[in-house]
Each structure stands twice: as C-alpha cells, then as structure tokens.
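Chemist: Can you read through this structure? Questions will come right after.
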Amino acid sequence: MIIVKLMGGLGNQMFQYAVGRALSARYGTKLFLDTNWFLSDTATKPGAERIFMLDKFNIQARIVNKKRGYKIYKQENDNLFIKLDLIKMKTFSLIAEKKVMPFKDKIFMKENKNIYLDGYWQTEKYFKVISNEIRKEFSLRKPFKVQDENIVHEIRDTNSVSIHVRRGDYANYEHTKKVHGVITIQYYKKCVKYFLDTIKNPSFYIFSDDPEWCMENLNLKIYKKIISNNKRPPQDEMILMSNCKHHIIANSTFSWWGAWLADNQSKIIIAPKQWTATNNECFVDIIPESWLKY
C-alpha cells in the first residue's frame with residue numbers, strides 16, 4: 001500500500017500523485033492520498049489558500065484523512081505506524097524528501113511495499129515509465145463548456161504557443177517573491193523571438209492568474225490572445241493550455257503540467273533556467289532534457 005501526502009496547489013498535488021502512482025504500479029499495490037494538510041492552518045492562510053483538487057481528474061486512488069478514520073500512531077526512525085478504517089495497524093516505510101530535491105531512485109528500492117511519501121517530487125524521472133497512464137488519469141472528469149470547446153478548436157487549428165505568466169503570490173507576497181522570484185518581461189521577449197524565428201505564423205495564447213496585468217504590460221507586438229478570465233476552474237485552464245502545440249512556461253508547476261500534458265509529439269517547450277530566486281540547485285531535475293532553458 002502506498003500513501004502519499006498531498007500539499008500545495010494543483011501543480012504540486014499532481015507531482016505528488018504521479019510519484020505515488022508510479023510506486024503503486026511498480027509494487028502492484030493500491031494508492032491512497034493523505035489530504036490532512038488541506039485541513040491545516042497553512043492551507044487556509046488568507047491569500048494563500050489551497051484546496052484538494054485532484055478529484056477533478058480521473059485519478060486512480062482513494063482519499064484518507066482524519067475524517068475518514070486515518071491516523072499515524074507513532075514514528076520510529078524511518079517507520080510510521082498507521083491505521084486506516086479498512087486495515088489493521090501496519091508499519092510503513094517513511095520516505096521524506098529533504099530540502100535538496102534532485103531525483104532519488106532509492107524510493108523504488110524498498111523491501112517494504114507499505115510506503116508513506118512526504119515531499120514534492122518535482123521531476124518526471126519518478127513517473128516517466130508510466131507517462132501514458134499519468135496523461136490519461138490527468139484528464140478532466142467533466143467536459144469543457146461550449147465556449148472553451150471553441151477555444152480548443154481555435155488553438156488546435158493554429159501554430160499555437162502558450163505563454164504562462166505566474167504572478168499572484170509570487171508578485172504580491174514579499175517572502176514568496178524572495179524565494180521564487182517573478183519572471184521578467186525580458187524572458188518572455190526572448191522566448192517569443194525564438195518562436196518567431198523557428199515556426200511559421202505562430203499564434204500566442206496567454207494564460208495567467210493576472211490577465212489584467214498581462215493586458216497592460218505584455219506588449220510583445222505579436223498576435224496574442226489572453227485566454228484567462230479568473231472565472232474558469234484551474235484544471236480547465238491547465239487542460240486548455242495543454243492543447244497548444246508549443247509552450248513558454250513560467251517557474252510554476254502549474255504551467256509545467258500544462259506543457260507536459262500536451263500530446264504534440266514535436267512540441268517545443270521553453271522554461272526558465274533560473275527556476276527559483278534561491279536554492280536553484282535543488283531543482284536541477286525539474287526541467288526535462290528535451291525542453292529548452294532560457
């Protein structure tokens with residue numbers, strides 16, 4: 001049995017699910033999602049609220065938390081003693097990701113098939129072997145609304161390039177800004193020039209948590225259309241983004257997944273080489289080798 005701790009926004013939850021799903025496939029056992037973090041003060045902090053969102057996708061896992069008869073009784077060294085309503089007390093190997101977060105293949109080498117995962121696991125190296133399954137499971141449970149279906153058709157009929165601009169807490173909270181940083185206009189100009197020089201008649205589609213800022217400041221003198229309206233559910237926004245043929249992403253796991261889920265076999269993806277303002281060495285594995293870094 002694999003239990004993975006979920007925390008953070010949608011992109012982080014998707015990484016955590018994906019590594020748990022890869023482990024459950026490797027060991028031939030069931031996957032459970034620990035959603036207790038979303039009941040914590042951290043998840044409900046004003047301005048930085050986070051909610052469980054994976055139920056919007058076709059995931060293959062069951063949810064456990066304190067309300068559903070789930071409890072960690074005690075910890076000894078790297079073991080947790082866990083009881084669920086559906087099982088007796090069992091010993092789980094605890095695998096906790098340290099501050100330094102490059103890929104660690106040791107998580108696939110445990111003799112104990114009962115594993116509890118605590119971390120962010122932000123690299124496709126953990127789940128690349130089941131990429132097709134992950135893409136299928138990160139499909140929407142509910143279909144797009146008619147207006148978004150129209151956008152999909154337009155995107156698919158052009159040489160579409162998504163541009164994701166992450167602002168929100170990155171721009172508005174000093175502590176978050178110091179850790180993550182905000183991608184500069186110069187980065188986007190450089191990426192846009194690459195596509196103008198590389199593909200024929202590119203059309204740029206902008207996705208952002210701050211569409212008003214993009215409209216006022218992202219003056220790239222190109223054909224562009226701002227898709228975001230702050231009314232569409234985040235999961236729909238991400239899947240809309242994934243329909244673009246090529247991608248310019250921000251230092252954001254949300255746009256990472258929007259690009260990674262794209263099914264265009266010849267897609268070009270550009271990511272910022274400076275993923276965070278501090279401790280960038282921790283993220284050496286987050287960008288797949290086939291992506292460009294600017």
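The values are calculated or read from the model by the stated rules, or taken from the named source; none is laboratory data. Given the structure is predicted, the values throughout are model-derived calculations rather than measurements. Positions of Cβ are generated from backbone atoms using ideal geometry, with glycine treated the same way; all protein chains shown enter the neighbour counts. When the accessible area is computed, the model is the full protein with side chains, heavy atoms only, and any ligands, DNA or RNA have been set aside. Shrake-Rupley method; radii C 1.70, N 1.55, O 1.52, S 1.80 Å.
Chemist: From the cross-link list 142/245; 193/224; 67/231; 136/245, which pairs have alpha carbons spaced over 21 Å apart?
Modeler: On the way: 142/245 23 Å; 193/224 14 Å; 67/231 30 Å; 136/245 18 Å.
The answer is 142/245; 67/231.
Chemist: Excluding ligands and nucleic acids, what accessible area in Å² is computed for residue 184 using a 1.4 Å probe, to the nearest 10?
Modeler: Its accessible surface works out to 70 Å², give or take rounding.
Chemist: Now a separate question. Show 213, 275 ordered by accessible area, largest first, where the area counts protein heavy atoms only and the probe is 1.4 Å. Could the numbers behind the result be given before it?
Modeler: Working: 213 60, 275 15 Å².
Putting 213, 275 in descending order of accessible area: 213, 275.
Chemist: Still on this structure: With the other protein chains left in place, how much accessible area per residue, in square angstrom, belongs to the chain at a 1.4 angstrom probe? Please report the intermediate quantities before stating the final value.
Modeler: On the way: 15140 Å² over 294 residues.
Computed with neighbouring chains in place, this is 51 Å² per residue.
Chemist: Only one of the listed values, (i) 1.46; (ii) 1.03; (iii) 1.11, was derived from the coordinates as Cα Rg over 2.2 N^0.38 Å; which label is it?
Modeler: Label of the calculated value: (ii).
Chemist: Rank by packing, highest mean first: peptides 192-205, 61-74, with packing defined as the count of other Cβ atoms within 10 Å averaged across residues.
Modeler: Values: 192-205: 15.9, 61-74: 14.1.
Result, highest mean first: 192-205, 61-74.
Chemist: Taking only Cα atoms and a 10 Å spring cutoff, compute GNM fluctuations for the chain and point out the largest among 127, 57, 108.
Modeler: Largest GNM mean-square fluctuation: 108.
Chemist: Right, another one. Along the Cα→Cβ direction, 7 angstrom out, place labels at residue 273 and residue 113. What is the inter-label distance in nm?
Modeler: The answer from the label model is 4.5 nm.
Chemist: Treating only the Cβ of Lys, Arg, Asp and Glu as charged (+1, +1, -1, -1), what charge dipole size does region 36-146 show about its Cα centre? Round to the nearest 20 debye. Write out the running numbers ahead of the final one.
Modeler: Values: 25 positive and 13 negative charges, 66 e Å.
Charge dipole, region 36-146, about its Cα centre: 320 debye, nearest 20.
Chemist: Here's another thing I want to ask about it. Please report the spacing between the Cα centers of region 76-100 and region 1-17 in Å, no decimals.
Modeler: 16
Chemist: Okay, moving on. Can you flag which of 45/293; 66/125; 5/74 are past 24 Å Cα-Cα? The partial results should precede the final answer.
Modeler: Values: 45/293 33 Å; 66/125 31 Å; 5/74 16 Å.
Pairs exceeding the cut-off: 45/293; 66/125.
Chemist: Over region 1-107, what relative contact order in percent results from Cα pairs under 8 Å that are six or more residues apart?
Modeler: Values: 144 pairs, mean separation 20.7, N = 107.
Relative contact order comes out at 19 percent.
Chemist: Rounded to the nearest 5, what % of DSSP beta bridges with both residues in the chain are antiparallel?
Modeler: Numbers: 10 of 41 bridges.
If we restrict to bridges inside the chain, about 25 percent are antiparallel.
Chemist: How much length, in nm to one decimal, is gained on full extension between residue 86 and residue 266, taken as 0.36 nm per residue of separation minus their Cα-Cα distance? Numbers along the way, then the final one.
Modeler: Values: separation 180, 0.36 × 180 = 64.80 nm, distance 4.56 nm.
Contour length minus Cα-Cα distance gives 60.2 nm.
Chemist: Of 276, 44, 29, which has the most accessible area and how do the rest follow, probe 1.4 Å?
Modeler: Output order, biggest surface exposure first: 44, 29, 276.
Chemist: Mind checking the dipole of the chain: about its Cα centre, +1 per Lys or Arg Cβ, -1 per Asp or Glu Cβ, Debye to the nearest 20?
Modeler: Values: 47 positive and 31 negative charges, 107 e Å.
Roughly 520 debye, rounded to the nearest 20.
Chemist: Of 58, 186, 25, whose Cα points farthest to the positive end of the dipole of the chain (charges on the beta-carbon: +1 Lys, Arg; -1 Asp, Glu; origin at the Cα centre)?
Modeler: 25
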